[in-house]
Amino acid sequence: MACDDGQEEHLTRLAKDLDGRIAQLRGDFGEIGDMRLTVMAALTIADELREQRGQLRRIEDELAALQDARVVAADRTKATENAIAAAFNSAAERIETLARALDGRAPAGPADAARG
């Protein structure tokens, strides 16, 4: 069988896998003919491929859902960070306002305390 350069080992492994499957089927079903055993092995491989494709689709769907969840979480994190920054800014403004109000008052000296 012809193959691209460097693919000989890969092709040999595939052929050994197919031979092993046929041998297993021959052991399970007996001598029912090479053609039938080869078709059964091909159907087994096709079924495994279909199962793997289904599993891949499920994993891809799960990955997409996780990526969407990550985006939502990042958006929530950004909104929380913005809310915290706004709260800190508001608190800082109130503290500055109170500090200015306190600075505008005359400090109570000893004379003021004696009058009171």
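The values are calculated or read from the model by the stated rules, or taken from the named source; none is laboratory data. In this text, all values refer to a predicted model and were calculated from it rather than measured experimentally. We work out accessible area using only protein heavy atoms, side chains counted, and drop any ligands, DNA or RNA first. Shrake-Rupley method; radii C 1.70, N 1.55, O 1.52, S 1.80 Å.
Extension gain, residue 98 to residue 70: 0.36 nm times the residue separation minus the Cα-Cα distance gives 5.9 nm. Using a Gaussian network model of the chain in which every pair of alpha carbons under 10 angstrom is joined by a spring, one finds that among 95, 45, 84 the greatest mean-square fluctuation is at 95. Starting from a Cα-only point model with no solvent, please compute log10 I(q)/I(0) by Debye for region 40-93 at q = 0.27, 0.31 1/Å. Scattering profile of region 40-93, log10 relative to I(0): -0.94, -1.02. Probing with 1.4 Å while keeping every protein chain in the model, the per residue accessible area of region 18-111 equals 84 Å².
In summary, the chain shows an alpha-carbon radius of gyration equal to 2.91 times the 2.2 N^0.38 Å reference for compact globular proteins.
Mean residue ellipticity, 222 nm, helices only, the chain: the sum of -39500 (n - 2.57) across DSSP H runs of n ≥ 4, divided by residue count and rounded to 500, is -31000 deg cm²/dmol.
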